[in-house]
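What follows draws every value from the coordinates through simple rules; no lab data is involved. Small disclaimer: the values here were computed from a predicted structure and weren't measured. Don't worry about glycine lacking a Cβ; one is built from the backbone with ideal geometry, like all the others, and counts go over all protein chains shown.
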Amino acid sequence: MNPPLDYLPRLPRRRDYRIGCLGAGFIMRDCHLVAYRQAGFNPVAIASRNPATAKEAASRHGIATVHDTYEALLADPNVEVLDIAVPPDAQPALIRAACNHADHIRGILAQKPLAMSVGEARGCVEACAKAGITLAVNQNMRYDQSVRACKDLLTRGMLGEPVLGTIDMRAIPHWMPWSETLPSLSTFVMSIHHLDTFRYWFGTPDRVLASTRPDPRTRFPHGDGLNLYILEYDNGCRASSWDDVWAGPCREGAAGDIGIRWRVEGTEGLARGTIGWPSYPAKTPSTLDYSTKQTPNTWIAPRWPEVWFPDAFVGTMAQLLRAIEDGTEPEISGRDNLETIALCEAVFTAAREHRVVSVREFLGP
């Protein structure tokens, strides 16, 4: 008898924390707010740099208050929890501004990447700690159902000691206009999902090797397009991802082969899966198959109805709300996320400078 896997988020006892939303673009409108309504969470106010966009999202999701400016939303005493979904280069300033309203703001869910450097991200963490505000980061792939189920297998020891983990992504992202001005494209916008997932599964690696090249389809100037990287752990584990944002000329006439596959091999078993995200907006659940020495010659294939987009966004907000009510660190705290930002910096540097890079180099002593 194979026990059911622990893949769903743990919800807070209280669902009516009053959430103020900064940003009204796709990720807020089509993911956060959809997930919050299905979980019974309570968004009460919204603001965007375009007030008309905020009004449209408010009307669609039944949000009572629309503020014309972010300053007005931050000052709203009705807001207990701040949910930020803005471009990463704008986010740190908003986090620091929110720290001036700690009389009523108790927690912040920041978008990934928390910042574009460890130094700036650490500044956000320290500002929130000083203000007494709980800071969590929306690394939502940790709440993809197959990723979380695989973590449960690892935690239970069903796969034994991890030997090798791989992610093979052949998918075409939609780069938002704000990404054109960032110093890094794929590493901090796309690869960050996989790098944080490897951290979730195996911990922070000790060294990285990486290579990158521009994506032929992406017309604006960029350095890191297709990312290839290997993560080394002193305990012997290795992890690697091929983050292929080109995926062949399938938009230019060739047949397509789009998808994301992952695999984790351990000393006692192995797991393999797929990520359903490339099929969005089609509702395509991610999958997991696993086999162990205790189930010889048998693949066990649990399935579920939930999908990464938007269902995983219940989990990222829930882990913040649970931390607030329990007085604990969030599962994906700002402090923990410093190591994901350091790993992104390490991969970006290793690819640019063609050298093996230590993650500790970016975290400091």
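Numbers for the structure displayed
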quantity: Selection from the range 25-39 of residues that are in contact (Cβ under 8 Å) with a residue 40 or more places away in the chain and either farther than 21 Å from Thr53 by Cα or among the aliphatic types (A, V, I, L, M) (or both); calculated: Ile27, Met28, Val34, Ala35, Gln38, Ala39
quantity: Any hit, the range 92-109, residues being closer than 27 Å to Arg14 by Cα, part of a loop (DSSP other than H, G, I, E, B) and within 16 Å of the chain's Cα centre (by Cα); calculated: no
quantity: Test: residue in the range 181-189 that is over 23 Å from Pro87 (Cβ atoms), buried (at least 20 other Cβ atoms within 10 Å of the Cβ) and of a type outside the set (Ser, Thr, Tyr); calculated: no
quantity: Some residue of the range 164-184 being in contact with a Ser or Thr (Cβ under 7 Å, 6 or more places away or on another chain) and of a type in the set (D, E, K, R); calculated: no
quantity: Unique residue being assigned to a loop (DSSP other than H, G, I, E, B) and farther than 25 Å from Phe313 by Cβ when the list is Gly123, Gly157, Gly119; calculated: Gly157
quantity: Within the range 284-294, tally of residues that are touching a helix residue (DSSP H, G or I) at 6+ places or on another chain (Cβ under 6 Å) and without any contact (Cβ under 8 Å) to a residue 60 or more places away in the chain; calculated: 0
quantity: Where a residue in the range 270-283 is outside any strand (DSSP E or B) and its partner, wherever it lies, is among the charged types (D, E, K, R), with Cβ under 9 Å and at least six apart; calculated: Gly276/Asp144; Gly276/Lys283; Trp277/Asp144; Pro278/Arg170; Pro281/Asp30
quantity: Residue within the range 173-184 that is closer than 25 Å to Glu265 by Cβ, without any contact (Cβ under 8 Å) to a residue 60 or more places away in the chain and of a type in the set (A, V, I, L, M, F, W, C) present; calculated: no
quantity: Residue in the range 254-261 that is part of a strand (DSSP E or B), in contact (Cβ under 8 Å) with a residue 24 or more places away in the chain and surrounded by fewer than 18 Cβ atoms within 10 Å (Cβ to Cβ) present; calculated: yes
quantity: So Phe220, is it part of a helix (DSSP H, G or I) and aromatic (Phe, Trp, Tyr); calculated: no
